[in-house]
Amino acid sequence: MSENKYDPLRDYLLKEKRVDFILSFEEIEDILGFALPRSAQRAEWWDDDTPHHPKLQRQAIREGGYDSRRVPEGMKVRFRKTSVFGY
């Protein structure tokens, strides 16, 4: 697996026990150790990922076992575990 600058977020999610939770952009930046790009303010930045336009942040979140959506109020992201029924 290649190095991804969003790996700290993946590692955080791998340890997370909650099934559904919200983090502010500020909290995510603290986890990452750097500021999110301006494009992170767009909802698509969090949930679009296609083979033609793979996104490092989406790959890290998915590898962490979660799905992400920017909340309508903006500046916050909702994470939902993708393998809820995989006991």
**Request:** Evaluate the distance, in nm, between pseudo-label points positioned 7 Å from the Cα of I22 and of D67 along their respective Cα→Cβ axes.
**Result:** 1.8 nm
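Restricting attention to region 3-33, which GluC sites (Glu not before Pro) occupy a DSSP loop and are surrounded by at most 16 other Cβ atoms within 10 Å? Write down the numbers at each step before the final one.
On the way: sites: E3, E16, E26, E27, E29; in loops: E3, E16.
Qualifying residues, ordered by number: E3, E16.
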**L56 versus E44: modelled label distance in nm, points set 7 Å from Cα along the beta carbon direction** = 2.1 nm
**Request:** Give me the number: length gained by fully extending I31 to E3, i.e. 0.36 nm times residue separation minus the C-alpha to C-alpha distance, one decimal in nm.
**Result:** 8.4 nm
**Request:** Could you work out how far apart the two model spin labels at D11 and K76 are, taking each label as a point 7 Å from the Cα in the direction of the beta carbon, and quote it in nm?
**Result:** 2.7 nm
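Any read-out appearing in this document is the output of simple, stated calculations on the displayed coordinates, not a laboratory observation. What you are looking at is a predicted structure, and each value in this text was computed from that prediction instead of being measured. Cβ coordinates were reconstructed from backbone atoms using ideal geometry, including for glycine residues, and neighbour counts include every protein chain displayed.
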